[in-house]
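Following: one structure in structure tokens, then a few remarks.
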Amino acid sequence: MNDIVNISGDHAEKVDAITYYNDGEIEASIQALVKAAEKARKDEGPGDEWETGNGQSLKDWVDSVDGSYDWIPERFERFYERWAAFPRGMAMNLDDAKEPLQSGPMADLNPVDTAVARWAGDAQTAFYENFLSPFPGAVTNHQGLLVELQAGLYAYEAVVRSMRAAAKKIADETTKVLEGMNSGLFGSSDEEAKFALAVVAAAAGVIGAAVTGGGSLGITFAIIAGGGSVATYGIDWANASDEKTDHNISGGTVADILESMQTALNKVWEDVEKTEKGIAALLEATLDEVNGHLESSSARNKRTLLPHEPDDSVPDLTDGDDISIDPEDGDFRERD
């Protein structure tokens, strides 16, 4: 019997390298943005909104600006409503599920191999061919499936962390541009902020770190065997580690600046949705591969994941009262 190979990956370390901003940190940046927008608008002046003699003083107009940008926090909420602790917790639980399948705990199977070697006959041969021989590879593939799911969960955690970081970055950079506006009536801004955000690249880095070579055992895991080589939803995973989206916060007026902020948020959300769909497509590709083996008419293909004795014409230990105990019929007997 061949040894069971332990399957693991370095995806968790890649995720931990992405800074995680909690709700309070992001909301503090957003509140600073709201205050900066109000101040910049007051400094900018009313423009055509205010005319002498309309019964409203300039002070009244300035006071009316307060609360005008309370809509801003809602635009950011979807970027930090998900918590990284949930996918991380599920991924760590899969480590517990994988532990009994690793080579150490499975060593108890070795005495079975030794015991069966003392016997001969058709049943013994079938037991070797259909169970003991493929069993290590199948167990390793079971580990691979757990690591494949782990890699998908960690890649999703990378998306959660990245979208939180992106929201904070956009809020902070927009605040800087607003604060850089020229003060005074009809003030304008020549300030701008250019930066790049990497949602796709963050997930791709995790997927690339999950490569283990598990495909050599007969299963083409979309993530751990190929490093995400499957191109899905416009993402070439094998070459996505440098994929970033460029952003530019700028404008001559407060309205223009906030419009560029919204454009940046929309672009990030598009990246988030594309990445999530891409991760799901990789896992679906693996599921199709698994189902192909399990539903195959070939016993050899089935044994890649499900060691069994497919030929019911050969007696085995699950046949109960029908099992042959006649040493002369060649089914199962002591070795001569």
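The values are calculated or read from the model by the stated rules, or taken from the named source; none is laboratory data. Here the structure is a predicted model, which is why all the values come from computation and not from measurement. For neighbour counting, all protein chains shown are included, and Cβ atoms are generated from backbone atoms with ideal geometry for every residue, glycine included. Surface areas here come from the heavy atoms of the whole protein model, side chains and all, with no ligands, DNA or RNA. Shrake-Rupley method; radii C 1.70, N 1.55, O 1.52, S 1.80 Å.
Annotation note: Cβ proximity below 6 Å between a residue of segment 90-101 that is more than 14 Å from Tyr154 (Cβ to Cβ) and a residue that is of a type in the set (Lys, Arg) and part of a helix (DSSP H, G or I) (sequence gap 6+ or interchain) occurs for no pair.
Take the conditions aliphatic (A, V, I, L, M) and closer than 30 Å to Tyr20 by Cα and apply them to Val116. Does it pass? No; evaluated as a whole, the condition is false for this residue. For Asp66, indicate whether it is under 30 Å from Val159 (Cα atoms), of a type in the set (D, E, K, R) and exposed (fewer than 13 other Cβ atoms within 10 Å of the Cβ). When the stated conditions are applied, Asp66 does not pass them. Glu27 meets all of the listed conditions (1) closer than 30 Å to Leu149 by Cα; (2) modelled with pLDDT of 90 or more; (3) open to solvent by 30 Å² or more (accessible area, probe 1.4 Å) but one, namely (1).
Out of curiosity, is Pro87 more than 30 Å from Ala196 (Cβ to Cβ), within 31 Å of the chain's Cα centre (by Cα) and part of a helix (DSSP H, G or I)? Working first, answer last.
Details: more than 30 Å from Ala196 (Cβ to Cβ): no; within 31 Å of the chain's Cα centre (by Cα): yes; part of a helix (DSSP H, G or I): yes.
Criteria not met by Pro87.
In a residue-by-residue description of segment 213-226, the property of being open to solvent by less than 30 Å² (accessible area, probe 1.4 Å), at positive phi and at pLDDT below 90 applies to no position. Could you tell me whether Ala202 is in contact (Cβ under 8 Å) with a residue 40 or more places away in the chain, within 17 Å of Thr275 (Cβ to Cβ), touching a Ser or Thr at 6+ places or on another chain (Cβ under 7 Å) and not in a loop (DSSP other than H, G, I, E, B)? In short, yes. Residue check: Asn93 meets all listed conditions (1) modelled with pLDDT of 90 or more; (2) in contact with a strand residue (DSSP E or B) (Cβ under 9 Å, 6 or more places away or on another chain) but one, namely (2). Applying a threshold of 7 Å to beta carbon distances and a minimum spacing of six or more residues, or different chains, the list of pairs starting in segment 64-87 at a residue that is farther than 27 Å from Arg161 by Cβ and ending at one that is open to solvent by less than 90 Å² (accessible area, probe 1.4 Å) and in a loop (DSSP other than H, G, I, E, B) is empty. In summary, Ala107 fulfils each of the numbered conditions (1) in contact with a Pro (Cβ under 8 Å, 6 or more places away or on another chain); (2) small (Gly, Ala, Ser); (3) open to solvent by 40 Å² or more (accessible area, probe 1.4 Å) with the single exception of condition (1).
Taken over segment 121-173, the criterion of being within 21 Å of the chain's Cα centre (by Cα), over 30 Å from Ser229 (Cβ atoms) and open to solvent by 10 Å² or more (accessible area, probe 1.4 Å) is satisfied by Lys168 alone.
Can we say Arg300 is at pLDDT below 90 and surrounded by fewer than 16 Cβ atoms within 10 Å (Cβ to Cβ)? Against the criterion (at pLDDT below 90 and surrounded by fewer than 16 Cβ atoms within 10 Å (Cβ to Cβ)), Arg300 qualifies.
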